[in-house]
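Asks: Shown below is the structure under consideration.
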Amino acid sequence: RRVLLLGEGNFSFAAALCGAQGTHVVATCYESEEEAAGRGAAERSIRRLRDSGAEVLFSVDCTKLEEYFSPAKREFDRIYFNFPHCGRKAGVVKNRELLARFFRSCAEVLAEEGEVHVALCNGQGGTPADQPRREWHNSWQIVAVAAGAGFVLSHVQPFKADTIQGYKSTGYRSQDKSFCVEGALNHIFTRSTAPVCFTPRSCKTQLGSQKVSFEVPQVLMDKINRGFLEVNSNHPVRTIKEKLSAGLSQAFPSQHIDSCLPLLHQGHPRGVCPSNIFWITLSPGEAPSTEEMSQGLADSVLLAHFGQDTDEKVPGGCSLAEQFYLRPSLLPHAQAMIKKGAFPPGTLNILSGPVFRKCQITPHSMPVFHELLLVLAVGRGTEHSCIQMLVDSIQTTLSSLHQGVSGSKPSIKLQEATSFGAELSDFAAFEWQLGEIQHFLCVGTGPDPSGSCVGVIRTAPDELKGSELLVVSASLNLDLLAMLLCGISDWRMLWTWDSRFLRQFPKGELRLFQSFSLYPPSYVHDVSFWVPEGQEFDEVAFHTLARRVSGETIVSIQLRDSFQQPGTGRRSLCYRVTFQSCDRALGCREAAEMQLHFREEIQQHLGVTLR
């Protein structure tokens with residue numbers, strides 16, 4: 001591998017590396033050869049480097065690396081820059097600028113899978129790894145300046161000078177003097193994936209007896225048809241789904257219904273707030289005819305489920321019969337099959353697939369996730385024992401999975417819906433809109449004994465009228481389960497395009513996730529505006545616009561202030577918007593541009609007046 005060393009003082013670090021097998025060292029310094037050779041022991045180190053076949057270059061500016069290496073010689077596997085400094089008493093701002101130009105230069109000469117190693121004295125980096133940690137404004141903010149050039153911090157290690165044979169620091173205030181490297185850290189950076197390009201795209205799906213296409217909502221362009229549950233996928237949501245299905249099949253006779261579940265529904269789901277729905281317009285000329293629509297209503301999950309007046313208007317001014325939307329749940333599919341008598345009594349029916357829901361921005365709120373729906377028709381009076389069998393089977397499988405990942409058992413509780421409390425997660429709150437819930441399934445993997453709600457259980461006594469049977473269903477959020485079992489703190493990581501995520505999960509195996517983007521920088525912006533008079537402000541629409549504009553790089557939106565103007569009654573809202581990416585480099589300039597775009601979009605689409 002080719003290794004580039006920059007800013008060498010006495011070349012003692014380079015000399016320690018030059019004997020490594022399979023490594024070609026290119027050692028450089030900023031000074032001329034005459035100036036460098038005058039430093040203690042530098043001449044001996046330079047001689048050793050040359051004798052071993054290493055290249056030694058002088059007067060190399062670390063901010064203009066492409067000028068020193070031809071295109072054929074630029075693919076360095078590692079670049080080392082130990083204790084960079086502008087010299088003498090340069091402050092933090094100048095050293096940040098040096099690092100920013102250095103990282104931009106590295107992007108020109110680093111191999112695609114290469115690493116950039118930067119060693120800094122204790123406290124300089126400004127990350128939580130520094131002990132003690134400096135205040136942000138008094139640090140070099142290395143992760144933020146690297147992000148501006150497209151790099152993420154992937155590892156932080158102690159810089160152990162005493163283990164590097166012959167190494168001696170030099171250059172204190174541009175003199176041939178050593179400096180303290182106790183507590184120093186080596187920061188290892190890698191290239192980030194590029195931002196997702198939001199080009200309009202169409203998607204085809206089955207609607208009744210007809211194939212139709214529609215334009216995918218921009219906020220879902222990088223999430224639709226990702227195939228995480230397909231046979232050749234090694235995504236953790238598929239692994240968890242397969243393990244749960246196998247465990248449940250040991251307790252119940254089962255059948256899997258994974259294919260031909262349409263993405264689109266028609267009309268309006270009963271009880272669901274319209275602002276939580278992704279409404280869809282079919283491509284021109286593709287709307288089903290009245291005859292086909294009637295057939296579609298009978299064959300698939302359309303108006304039969306909703307029980308509403310089809311002349312009612314919904315967003316866009318269409319009647320319910322003309323309106324289409326992305327499925328927010330698999331439950332309507334199951335209900336349609338039950339009405340057809342497609343579920344034999346005593347057989348556990350297993351449905352799975354992605355579902356889509358508009359929601360506010362939080363670390364565990366997902367506009368799309370993978371649902372595992374379990375449906376069972378049982379004799380009246382036996383539902384409690386069947387529910388317990390379901391929960392026991394789920395608990396056994398999840399305990400086995402979590403113990404294999406972390407060595408400990410999770411706490412799994414079946415909690416009565418009436419005692420769950422007023423504060424529901426977005427997942428649980430939306431499930432309430434779909435119908436009455438008897439139990440919440442909560443899983444805890446950490447110190448919080450209450451755990452997180454990952455599923456709901458319903459009984460539907462009226463679904464099979466005139467029958468001695470009733471329907472028990474359990475809906476599980478596979479994405480939340482993957483986060484809990486694999487220690488993933490942010491749902492967005494499940495949808496990353498960075499191949500380093502899936503590499504951590506060989507097919508059929510779950511592991512604790514190790515982030516490849518440590519301490520990502522965050523950028524805080526405020527936005528305030530007047531709400532249109534006589535209108536209720538749509539918070540979900542506001543958050544959905546934020547998702548779309550930022551490409552899911554907004555991690556938090558908090559209401560900071562609400563003000564009503566005396567006399568006029570006009571209402572003003574102020575929100576704090578925090579930008580932070582969990583998987584790719586996000587620089588301050590990019591975040592500022594997104595914020596400006598966000599201001600324009602909310603003014604155009606929500607009718608607010610910016611302040």
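Asks: Among the residues of region 241-257, write down those that are of a type in the set (Gly, Ala, Ser), surrounded by 18 or more Cβ atoms within 10 Å (Cβ to Cβ) and under 18 Å from Gly353 (Cβ atoms).
Replies: Quick first cut of region 241-257, residues of a type in the set (Gly, Ala, Ser) only: 245-247, 249, 251, 254.
Filter once more, keeping what is surrounded by 18 or more Cβ atoms within 10 Å (Cβ to Cβ): 245, 247.
If the condition is that a residue be of a type in the set (Gly, Ala, Ser), surrounded by 18 or more Cβ atoms within 10 Å (Cβ to Cβ) and under 18 Å from Gly353 (Cβ atoms), then Ser245 is the only one that fits.
Asks: Looking at region 329-448, what helices (runs of 4 or more DSSP H) fall wholly within it and have at least 3 residues that are among the hydroxyl-bearing types (Ser, Thr, Tyr)? Spell out how you get there, then give the answer.
Replies: Numbers: elements: 331-340, 383-406, 426-434.
Here the list reads 383-406.
Asks: I want to confirm something. Restricting to region 389-437 and keeping residues that are hydrophobic (A, V, I, L, M, F, W, C), in contact (Cβ under 8 Å) with a residue 40 or more places away in the chain and in contact with a Lys or Arg (Cβ under 7 Å, 6 or more places away or on another chain), which single residue is nearest to Ala251 (Cα to Cα)?
Replies: As a first pass, look at region 389-437 and keep what is hydrophobic (A, V, I, L, M, F, W, C): 389-391, 394, 398, 401, 405, 412, 414, 417, 420, 422, 424, 427-430, 432, 434, 437.
So of that shortlist, the ones also in contact (Cβ under 8 Å) with a residue 40 or more places away in the chain come out as 389-391, 394, 398, 401, 405, 414, 427, 430, 434.
Cutting the leftovers down to in contact with a Lys or Arg (Cβ under 7 Å, 6 or more places away or on another chain) gives us 401, 405, 430.
Numbers: Leu401: 17, Val405: 24, Phe430: 29 Å.
Applying the filter and picking the extreme gives Leu401.
Asks: Same structure, new question: I'm checking my understanding of the structure. Among residues of region 224-240 that are open to solvent by 10 Å² or more (accessible area, probe 1.4 Å) and touching a strand residue (DSSP E or B) at 6+ places or on another chain (Cβ under 7 Å), which one is modelled with the lowest pLDDT?
Replies: Looking at residues that are open to solvent by 10 Å² or more (accessible area, probe 1.4 Å) and touching a strand residue (DSSP E or B) at 6+ places or on another chain (Cβ under 7 Å), I get Asn225.
Asks: Out of Pro200, Pro217, Pro128, Pro158, I need the residue that is within 29 Å of the chain's Cα centre (by Cα), open to solvent by 50 Å² or more (accessible area, probe 1.4 Å) and closer than 30 Å to Thr544 by Cβ. Which one? Before you say what the answer is, go through the steps one by one.
Replies: Working: Pro217 fails: open to solvent by 50 Å² or more (accessible area, probe 1.4 Å); Pro128 fails: closer than 30 Å to Thr544 by Cβ; Pro158 fails: closer than 30 Å to Thr544 by Cβ.
Matching residue, one of Pro200, Pro217, Pro128, Pro158: Pro200.
Yes/no matrix, rows are residues, columns are (1) out of contact with any Lys or Arg (no Cβ under 7 Å at 6 or more places or on another chain); (2) not assigned by the TED database to the domain that holds Ile557:
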{"residue": "Ser473", "(1), (2)": "no, yes"}
{"residue": "Met483", "(1), (2)": "yes, yes"}
{"residue": "Trp495", "(1), (2)": "no, yes"}
{"residue": "Glu509", "(1), (2)": "yes, yes"}
{"residue": "Trp530", "(1), (2)": "no, no"}
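Asks: Additional query: Name the residue that is most open to solvent (accessible area, probe 1.4 Å), counting only residues in region 483-532 that are among the β-branched types (Val, Ile, Thr) and outside any loop (DSSP other than H, G, I, E, B).
Replies: The initial filter retains those residues of region 483-532 that are among the β-branched types (Val, Ile, Thr), namely 488, 496, 524, 527, 531.
So of that shortlist, the ones also outside any loop (DSSP other than H, G, I, E, B) come out as 524, 527.
Numbers: Val524: 83, Val527: 1 Å².
The extreme case among them is Val524.
Asks: Filter region 590-610 down to the residues that are acidic (Asp, Glu) and in contact with a helix residue (DSSP H, G or I) (Cβ under 7 Å, 6 or more places away or on another chain) and list them by number.
Replies: Just the residues of region 590-610 that are acidic (Asp, Glu), to begin with: 590, 593, 600-601.
Passing the criteria: only Glu601.
Asks: Please go through region 101-133 and give me each residue that is closer than 19 Å to Glu66 by Cα and among the small types (Gly, Ala, Ser), ordered by number.
Replies: Ser105, Ala107, Ala111, Gly114
Asks: For region 412-428, name all the residues that are at pLDDT 80 or above and open to solvent by 40 Å² or more (accessible area, probe 1.4 Å).
Replies: Correct list: Lys413, Leu414, Gln415, Glu416.
Asks: Given the criteria under 21 Å from the mean Cα position of the chain (by Cα) and farther than 30 Å from Ala146 by Cβ, does Phe563 qualify? It would help to see each step written out before you state the result.
Replies: Values: under 21 Å from the mean Cα position of the chain (by Cα): no; farther than 30 Å from Ala146 by Cβ: yes.
Judged against the criteria, Phe563 is not a match.
Asks: Could you pull out the residue among Cys442, Cys386 that is farther than 19 Å from Gln250 by Cα, of a type outside the set (Val, Ile, Thr) and surrounded by 15 or more Cβ atoms within 10 Å (Cβ to Cβ)?
Replies: Numbers: Cys386 fails: farther than 19 Å from Gln250 by Cα.
Answer to the check: Cys442.
Asks: Which residues, counting only those in region 505-519, are farther than 16 Å from Ser406 by Cβ and not hydroxyl-bearing (Ser, Thr, Tyr)?
Replies: Hits for region 505-519 are Pro506, Lys507, Gly508, Phe516, Leu518.
Asks: Do we find that Cys86 is under 24 Å from Val181 (Cα atoms), at pLDDT 90 or above, open to solvent by less than 80 Å² (accessible area, probe 1.4 Å) and among the hydrophobic types (A, V, I, L, M, F, W, C) in this structure? Quick ask: steps written out before the conclusion?
Replies: Working: under 24 Å from Val181 (Cα atoms): yes; at pLDDT 90 or above: no; open to solvent by less than 80 Å² (accessible area, probe 1.4 Å): yes; among the hydrophobic types (A, V, I, L, M, F, W, C): yes.
For Cys86, the condition - under 24 Å from Val181 (Cα atoms), at pLDDT 90 or above, open to solvent by less than 80 Å² (accessible area, probe 1.4 Å) and among the hydrophobic types (A, V, I, L, M, F, W, C) - is not met.
Asks: Please work out which one of (1) more than 30 Å from Arg134 (Cα to Cα); (2) in contact (Cβ under 8 Å) with a residue 24 or more places away in the chain is the condition Ser70 fails and give its number.
Replies: (2)
Asks: Any idea which of Leu120, Leu99, Leu49 is farther than 26 Å from Ala585 by Cα and open to solvent by less than 20 Å² (accessible area, probe 1.4 Å)? Give the steps one after another, and end with the answer.
Replies: On the way: Leu120 fails: farther than 26 Å from Ala585 by Cα; Leu99 fails: farther than 26 Å from Ala585 by Cα.
Residue meeting the stated conditions: Leu49.
Asks: Name the residues in region 582-608 that are in a helix (DSSP H, G or I) and open to solvent by less than 70 Å² (accessible area, probe 1.4 Å), would you?
Replies: Of all residues in region 582-608, those in a helix (DSSP H, G or I) come to 588-606.
Hits for region 582-608 are Glu590, Ala591, Ala592, Met594, Gln595, Phe598, Arg599, Glu601, Ile602, Leu606.
Asks: Of all residues in region 545-581, count the ones that are open to solvent by 20 Å² or more (accessible area, probe 1.4 Å) and of a type in the set (S, T, N, Q).
Replies: 8
Asks: What do you reckon, is Arg458 surrounded by 20 or more Cβ atoms within 10 Å (Cβ to Cβ) and modelled with pLDDT of 85 or more?
Replies: Working: surrounded by 20 or more Cβ atoms within 10 Å (Cβ to Cβ): yes; modelled with pLDDT of 85 or more: yes.
Answer is yes for this residue.
Asks: Just to check your reading of the model, which residue among Glu115, Glu43 is within 20 Å of Lys177 (Cβ to Cβ) and open to solvent by 20 Å² or more (accessible area, probe 1.4 Å)?
Replies: Numbers: Glu115 fails: within 20 Å of Lys177 (Cβ to Cβ).
After ruling out the rest, the residue left standing is Glu43.
Asks: Right, something else. From the list Gly296, Gly307, Gly341, Gly353, exactly one residue is in contact with a strand residue (DSSP E or B) (Cβ under 8 Å, 6 or more places away or on another chain), within 21 Å of Pro262 (Cα to Cα), at pLDDT below 80 and not aliphatic (A, V, I, L, M). Which is it?
Replies: Working: Gly307 fails: in contact with a strand residue (DSSP E or B) (Cβ under 8 Å, 6 or more places away or on another chain); Gly341 fails: in contact with a strand residue (DSSP E or B) (Cβ under 8 Å, 6 or more places away or on another chain); Gly353 fails: at pLDDT below 80.
Checking each option against the conditions leaves just Gly296.
The values are calculated or read from the model by the stated rules, or taken from the named source; none is laboratory data. Note that the structure is predicted; figures quoted are calculated from it, not measured. Virtual Cβ from ideal backbone geometry, glycine too; neighbours counted across all protein chains shown. Heads up: the accessible areas ignore ligands, DNA and RNA and are worked out on the full protein's heavy atoms, side chains in. Shrake-Rupley method; radii C 1.70, N 1.55, O 1.52, S 1.80 Å.
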